[in-house]
Amino acid sequence: MKKYKNIIFDCDGTLIDSNEASVKAFNEFAKKKLNRNLTKREEEDFFHSTTMEAIKALGINFDEKSAAILDDCFYKYTNLVVVFDGLIEVLKELKLRNIHVGMATNRTLAGAEVALNTKGLYGLIDDYTCADFVEKPKPSGEMIDYYIKKYDFKKDETIMLGNSITDHMAALDAKIDYAYCMWGTNEKHELSALELNSPEEILELV
């Protein structure tokens, strides 16, 4: 198997299991702004969307105030967010092996910082980028290009790990390899990619 020196992780569904917290937070946001609960379809659609896209999809004007309200709602449920079993140990081992560990998330800056404070995750991520840092978030490859340019990474030494087609498309756009983390997904792009069935398998990539 090919070996990599740089790993860029997606956040939700890859590093952290935030599904329950996200649904509750966004549902509370909808109640505050629209006086109604989310539909099942809306719950499914917003999870891989940027904050801006999710808010606009509800017909709500996206601005700093609305984004802040959603971040506050999410913050209330951070006790429900957990790092996937085995990932903390894997991240510590990657540190020992001098592997650069990045995070690319469609969360806002405030949301990314909340995620990084999840139960032992802070300090194990070398750098991160989020929707506020780029003009076009995932599925664009701009977030990955951020790392390529900032750290002068070689593309053939860099891989993205994610749980969605959006993540895969970002990797394709940036022309780097990609692996689906099967512990957080049930969807795959029609184009083939590596599949990891447990966090421990990440160590086979380095």
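Would you tally the residues in the stretch 178-206 being more than 13 Å from K2 (Cβ to Cβ), in a loop (DSSP other than H, G, I, E, B) and open to solvent by 30 Å² or more (accessible area, probe 1.4 Å)?
9
Kindly provide the set of residues from the stretch 143-177 that are under 14 Å from the mean Cα position of the chain (by Cα) and free of Cβ contacts under 8 Å to residues at least 24 places away in the same chain, ordered by number.
Within the stretch 143-177, none qualify.
Whether any residue in the stretch 141-149 is open to solvent by 40 Å² or more (accessible area, probe 1.4 Å), modelled with pLDDT of 95 or more and under 26 Å from A67 (Cβ atoms) is what I want to check.
yes
If a residue counts only when it is among the basic types (K, R), which helices (runs of 4 or more DSSP H) contained entirely in the stretch 1-116 have at least 1 such residues?
19-34, 40-46, 51-57, 64-76, 87-96
I'd like to know if the stretch 55-64 contains one or more residues that are modelled with pLDDT under 90, in contact with an Asp or Glu (Cβ under 8 Å, 6 or more places away or on another chain) and under 21 Å from V134 (Cα atoms).
yes
What is the number of the single condition among (1) more than 30 Å from K95 (Cβ to Cβ); (2) at pLDDT 85 or above; (3) of a type in the set (D, E, K, R) that K5 does not meet?
So the condition that K5 fails would be (1).
Mind telling me which of the residues D126, D167 ends up being closer than 22 Å to S22 by Cβ and of a type in the set (D, E, K, R)?
Selected residue: D167, the only one of D126, D167 that is closer than 22 Å to S22 by Cβ and of a type in the set (D, E, K, R).
Keeping to the stretch 27-80, report how many residues are more than 19 Å from A115 (Cβ to Cβ) and either β-branched (V, I, T) or touching a strand residue (DSSP E or B) at 6+ places or on another chain (Cβ under 9 Å) (or both).
2
Tell me whether the stretch 152-170 contains one or more residues that are in contact with a helix residue (DSSP H, G or I) (Cβ under 7 Å, 6 or more places away or on another chain), of a type in the set (D, E, K, R), open to solvent by 60 Å² or more (accessible area, probe 1.4 Å) and under 30 Å from S66 (Cα atoms).
Taking every residue of the stretch 152-170 in turn, none turns out to be in contact with a helix residue (DSSP H, G or I) (Cβ under 7 Å, 6 or more places away or on another chain), of a type in the set (D, E, K, R), open to solvent by 60 Å² or more (accessible area, probe 1.4 Å) and under 30 Å from S66 (Cα atoms).
Starting from residues that are open to solvent by less than 10 Å² (accessible area, probe 1.4 Å) and of a type outside the set (S, T, N, Q), keep the ones in the stretch 11-25 and report whichever is farthest from L203 (Cα to Cα).
My answer is A25.
Go through the stretch 29-44 and report how many residues are free of Cβ contacts under 8 Å to residues at least 24 places away in the same chain and either open to solvent by less than 80 Å² (accessible area, probe 1.4 Å) or β-branched (V, I, T) (or both).
Adding up the residues that qualify gives 4.
State which residue is modelled with the lowest pLDDT when the search covers only the stretch 111-125 and only residues that are over 13 Å from the mean Cα position of the chain (by Cα) and surrounded by fewer than 18 Cβ atoms within 10 Å (Cβ to Cβ).
K119
Within the stretch 186-198, take every residue that is touching a strand residue (DSSP E or B) at 6+ places or on another chain (Cβ under 8 Å) and of a type outside the set (D, E) and give me the one that is nearest to P137 (Cα to Cα).
Top of the filtered list is K188.
The values are calculated or read from the model by the stated rules, or taken from the named source; none is laboratory data. Everything quoted here is computed from the prediction, not taken from an experiment. Reconstructed Cβ throughout: ideal geometry from the backbone, glycine too, with neighbour counts over all protein chains shown. Ligands, DNA and RNA are stripped out before the accessible areas are found, and what is left, the full protein with its side chains, is counted by its heavy atoms. Shrake-Rupley method; radii C 1.70, N 1.55, O 1.52, S 1.80 Å.
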